[in-house]
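Here the structure comes first, spelled out in structure tokens, and everything after it is commentary.
The values are calculated or read from the model by the stated rules, or taken from the named source; none is laboratory data. These numbers come from a predicted model, not from an experiment. Ideal geometry is used to build each Cβ from the backbone, glycine not excepted, and the neighbour counts take in all protein chains shown. Heavy atoms of the whole protein, side chains included, go into the accessibility calculation; ligands, DNA and RNA do not. Shrake-Rupley method; radii C 1.70, N 1.55, O 1.52, S 1.80 Å.
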Amino acid sequence: KKNMINIWLISVLIFVFILTIILYRQYRVQNKVNKALNDQKNAINQQKIEIEIQKESIEKANTILAEKNKQIIDSLEYAKRIQLSLLPDSNLLRSKFNDSFLWYQPRDIVGGDFYWYAEFKNTICLVVLDCSGHGVPGAFMTVLANTLLNRHVFDLKSDDSPSKVLGFLDDNVKKELNQQGIQLSAFEGIDLAACMIDRKSRNLKFSGAKMPLY
């Protein structure tokens, strides 16, 4: 009996020892797994924080861009009203040309296309101009050309030749820009069509620079 008890106790001790080793190994493995999971969790949390920071930065940048864009659009809309105020009254044109229509639509709110009208004695002068460049650069050119035509309209009245309008603008636009130190390239300038209509004789004279009558 004593031997049996000793054997049983030894067997129990061996079993407990083996079980302890197994449990210890599992504990170490579980610790490694938990540590790896914890590291992953910390990394994910750090990434979330960085993403939130980036998101806030992007949202802030978008807000600034939206505000800047609104300011630019508002400025262009105001510039559009100024540019439209320089154009001849559409009702006046329709009163002079009954069977007519007018289509004016700049691509970028303001643009480089415009038209000019003057009447002296029995002659109507109608000019359509396409300034190089879209948007603001083209709009600046239209203001310059319109100002020059209005400033020298009396000079134009002295000659009923539409070619004078072309020569006049060619000389004076270059002169005005050169005074400001701006040199036009070969691809910059103004395309235009100028018509002078004698209302009595019903004759039309035309001159064009890269722009046909039709």
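Some observations on this one:
- Identified option (computed Kirkwood radius over Cα pairs in Å; candidates (i) 24.2; (ii) 19.2; (iii) 18.6): (i)
- Inter-label distance, nm, simple model (7 Å from Cα along the C-beta direction), M4/D74: 10.2 nm
- For the set K121/K205; K174/K205; K96/K205; K32/K55; K157/K210; K70/K174, the pairs lying more than 27 angstrom apart at their alpha carbons are K32/K55; K70/K174.
- Maximal additional length on extending the Q46-R199 stretch stands at 46.9 nm, based on 0.36 nm per residue less the C-alpha distance.
- Think of segment 74-213 as having a plus end and a minus end, set by charges on the Cβ of Lys, Arg, Asp and Glu; of P88, Y115, N98, N98 sits farthest toward the positive end of this dipole.
- Rounded accessible area per residue of the chain, 1.4 Å, Å²: 74 Å²
- In percent, rounded to a whole number, the relative contact order of the chain is 15, using alpha-carbon pairs under 8 Å and six or more apart.
- Measuring nothing but protein heavy atoms, the accessible surface of segment 1-149 at 1.4 Å probe radius is 62 percent carbon and sulfur.
- Computed lengthening from F206 to K60, 0.36 nm per intervening residue step minus Cα-Cα distance: 46.9 nm
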